[in-house]
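> Dropping the structure in here first, questions after.
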Amino acid sequence: MIILNGLKTYGNTDLIESLKGKKPFFICTIATTDTCKIPKISGAGASTELMVYTPAGDAELMVCGKLLCCDIPPQTVTDGVSAPTPAMISRGVIELTNIPFLIANAGSEINPNVPYILINDEPGNDIRTGFAVNNPEKIFENSKIIAKEISKSCDYLVIGESIPAGTTTALGVLTALGYDASFKVSGSSPENPHELKKEAVYAGISKSNIEIGKFSSFDAVRTVGDPMIVAVAGMIIGSEMPVILAGGTQMAAVCAFIKKLVPDFDFSKICIGTTVYVARDKTADLIDLISQIAEITVNVVDPYFEKSENEGLKNYLKGFVKEGAGAGGAMLTALLLGYSIEDIRKKIEEVLE
């Protein structure tokens, strides 16, 4: 169902209609795990070595529009073809709408040189070890406190993420909790390394003494997850208000975590806001993943990058990047505030220039 130009909604439109013109607060949650250091498992960076700089770089670009932690911008590069980080899309929306936002550091190996709220100062490990995240319960509780305070000043939260190899750790949590997620998580490159992701996940699960489907939420994250998943879940529960989950298949893992932790959780106040590039990804299936968890509406934004003069943005049409740094949810928020999809695309182009 199309309710706004550039927006297609899969599911109930009541929540998104109720948020039109309301006051949002945007949070981008950053983290890293050593899983991103597995060669060829992620394209969320200019190279495997630079992958750990991506969340910090994204944060810096969103806050001040320039890189401070490194010289090479976060971007997906495959066979000489590159596409800009989606943090620039979010930066464009922030400039256009002037919505309040902050960076929440859930455990990034490289800290951004801009202000942020610290949830957790320990990055995740390689999920193949079977010990991916230390003390996820503490991360969860810290996130609840932060969201409870932020929610006093807004009508709804928009929560994005920046974590390289996040679809692999999402696959880990979904698989551990018993969902049919193989070959359904997305990726930041045109070629989705599903077998590599699956091998990493099962290597980690095999190190535990827990049967697939019998993991608790926290044990799933502790074994094969990442700090972002448990941090965002904590924010949702702590806020007790409507939330747009600004992301792709990683947010399915967040929803699965909550479903296992709170079986009767009211998902009617939660929706997904993502890009058309995730929804059209033939190597993944976000809609199926979400439908396995609960009745959660998926809102898909199409910025029509085919109309752009920027060649990097046009590469999104070829399967590069697709989503990240809250890009889809940020654009959705701008639409809800009354901006047109043309306004949004023009501002993104200006920021990239």
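The values are calculated or read from the model by the stated rules, or taken from the named source; none is laboratory data. Everything numeric in this text was worked out from a predicted model, so none of it was measured. Every residue, glycine as well, gets a Cβ built from its backbone with ideal geometry; the counts of neighbours run over all protein chains shown.
> Suppose we filter the range 1-45 for residues that are of a type in the set (Gly, Ala, Ser), farther than 25 Å from Asp288 by Cβ and modelled with pLDDT of 90 or more; how many remain?
3
> Next question. Which of the residues spanning the range 200-216 are in contact (Cβ under 8 Å) with a residue 60 or more places away in the chain and either within 18 Å of Asp226 (Cβ to Cβ) or assigned to a loop (DSSP other than H, G, I, E, B) (or both)?
Selection gives Ala200, Val201, Ala203, Gly204, Ile205, Lys207, Ser208.
> Please state which one of Thr283, Thr274 is under 20 Å from Cys28 (Cβ atoms) and either touching a Gly at 6+ places or on another chain (Cβ under 7 Å) or in a helix (DSSP H, G or I) (or both).
Selected residue: Thr274, the only one of Thr283, Thr274 that is under 20 Å from Cys28 (Cβ atoms) and either touching a Gly at 6+ places or on another chain (Cβ under 7 Å) or in a helix (DSSP H, G or I) (or both).
> Going through Val301, Val278 one at a time, which residue ends up being under 25 Å from Pro164 (Cβ atoms), of a type in the set (Val, Ile, Thr) and modelled with pLDDT under 95?
One residue alone meets the criteria, Val278.
> In the set Ile159, Ile139, Ile145, which member is surrounded by fewer than 21 Cβ atoms within 10 Å (Cβ to Cβ) and under 22 Å from Ala246 (Cα atoms)?
Ile145
> If you scan the range 291-313, which residues turn out to be of a type in the set (Gly, Ala, Ser) and free of Cβ contacts under 8 Å to residues at least 60 places away in the same chain?
Scanning the range 291-313 gives Ser291, Ala294, Ser308.
> Is it true that Asn120 is part of a loop (DSSP other than H, G, I, E, B), in contact with a Lys or Arg (Cβ under 9 Å, 6 or more places away or on another chain), at pLDDT 95 or above and crowded, with 19+ Cβ neighbours inside 10 Å?
When the stated conditions are applied, Asn120 passes them.
> Let me ask something else about it. Answer yes or no: is there a residue in the range 76-85 that is farther than 29 Å from Val224 by Cβ, part of a loop (DSSP other than H, G, I, E, B), in contact with a Gly (Cβ under 6 Å, 6 or more places away or on another chain) and at pLDDT below 85.
no
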